[in-house]
1. Test residue 133 against the criterion of being assigned to a loop (DSSP other than H, G, I, E, B) and surrounded by fewer than 16 Cβ atoms within 10 Å (Cβ to Cβ), and give yes or no.
2. Quick check on this structure: which one of 236, 265 is acidic (Asp, Glu) and not assigned by TED's automatic domain parsing to the domain that holds residue 131?
3. Residues being aliphatic (A, V, I, L, M) and surrounded by fewer than 23 Cβ atoms within 10 Å (Cβ to Cβ): count how many of those fall in the range 277-288.
4. Residue 240 versus (1) in contact (Cβ under 8 Å) with a residue 24 or more places away in the chain; (2) surrounded by 22 or more Cβ atoms within 10 Å (Cβ to Cβ); (3) touching a Gly at 6+ places or on another chain (Cβ under 8 Å): which is the lone unmet condition?
5. Based on what the data block shows, is residue 37 surrounded by fewer than 15 Cβ atoms within 10 Å (Cβ to Cβ), assigned by TED's automatic domain parsing to the domain that holds residue 176, at pLDDT 80 or above and not in a helix (DSSP H, G or I)?
6. Select, from 83, 140, the only residue that is modelled with pLDDT under 95 and part of a loop (DSSP other than H, G, I, E, B).
7. Does the range 149-167 contain any residue that is out of contact with any Phe, Trp or Tyr (no Cβ under 7 Å at 6 or more places or on another chain), in a helix (DSSP H, G or I) and of a type in the set (Asp, Glu)?
8. Can you tell me which residues in the range 91-122 are modelled with pLDDT under 80 and not in a helix (DSSP H, G or I)?
Amino acid sequence: MGARDIGEFRPLPLPRRLGRFLRVAWNFVVIYLGYKRIQRNRRLTPEERAARYAQQHRRAAERMYRLAVSLEGLLIKTCQFVSSRADVAPPEYIAVLSRLQDQVPPRPFEQVRTVIQEELGADPHELFLSFEERPIASASLAQVHRAVTREGERVAVKVQYPGIARVVATDLQNLRLLVRILARLEPNFDFRVVLDEMARYVPRELDFVEEGKSAERIAEIHAHRTDIRVPKVHWDLTSRRVITLEYIDGIKISDTAALHAAGIDPNAVALIMTEAYCEQILVHGFFHADPHPGNLLVQPGPVVVFLDFGMTKQLPDEFRRNYARLTIAILQQDEAAMVEAFRALGFETKYDDPATLVALGRSFFEVTGPDGRPYVDADVMPEVNERLSRILHENPVTRIPGDVVLIFRVLGLMSGLQKRLDSRVSMTETITPFALREA
């Protein structure tokens, strides 16, 4: 972010910061204790335990939803991530938290008007031929309004919420403390590396000029394909807190009923999405890092439309090639190559024992289940996690490169989408040509 943004990206005043922390911490404690009560009740039959967990999932999800809507900021983004993991998150969480993917309660139009006037120098009704005051989508950091330019082009105008930078800075501080506490209470749930990576990239989402450049870069990567679209940036109506993009309509990628109704094969959509990410990550090393259902649309063809480029990542060339080598090693179950690639990427363990890195590599292969599904098998994952946790406890991974964390996040989100699309894509056949080309 620019120099004038640094002062803006600081936490809220102490009273407000403390108030947000106490509300988040209280809800964290209530949810945590709810699960611990079920875990410790040894008198429950398996059926009763399953029913109790389902009830607790629903209560916890509703509590998280209410808290996110009330406090906004980074909490909404966190809930969006959970709701996108249909492969591992309980269905109760998906049902409740998916409401936050693109329909967060909007801000009043007067706030939008003020930001546009400050950023673009005039009232939106003067800048545009028409401007709809009711937003068509509202998310964690901004909301989107439909408009028509003076030249008659339909556009989507994304406007950042006033003061959101300071709210995000506060949430990062608060979540950092809570994640540290959780890691001490439950060593198998240590999300500190993930949060560190989030802290590096979320501030960049608040610079819409950078987002516009990222949109153009993704469009350039896929310029040779007719089944991938990226909206055009209107630079004369774009600034740090306002971005104006070509308006593209479509079906939300997770709405399989609507896809079927439109005669679109969800498996074909899954294949396009998989190929797009293979090309972005393995070939160009620059990728769209937020593939939740609100950011991907589908048009007949099928054509996959990428939206929202606030979170993107450029990988160093050597890192990209080493990641391609790791991908091949995992797909081929080549243990020696796995260890070599992990170490080349920068993974480190407490003791010089390759078994830990082999177990880590094998876990990616095993969680897809015996059928080689392109998403995590929820039935297999607990067993894999338990075995991996035991190995990591004996020889902990002491360093995980931040770039890998972001890639893993993308793979997790894609796994959730693959499950929603009931994908039958062969990951080995799809990924291997891209990886071999770069390894």
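1. yes
2. Exactly one residue qualifies, and that residue is 265.
3. Qualifying residue count for the region: 1.
4. Every listed condition holds for residue 240 apart from (2).
5. no
6. When all the criteria are applied, what remains is 140.
7. For the range 149-167, residues out of contact with any Phe, Trp or Tyr (no Cβ under 7 Å at 6 or more places or on another chain), in a helix (DSSP H, G or I) and of a type in the set (Asp, Glu): absent.
8. Passing the criteria: 101, 102, 103, 104, 105.
The values are calculated or read from the model by the stated rules, or taken from the named source; none is laboratory data. The structure presented is a predicted model; accordingly, all values stated were derived computationally and were not measured. Reconstructed Cβ throughout: ideal geometry from the backbone, glycine too, with neighbour counts over all protein chains shown.
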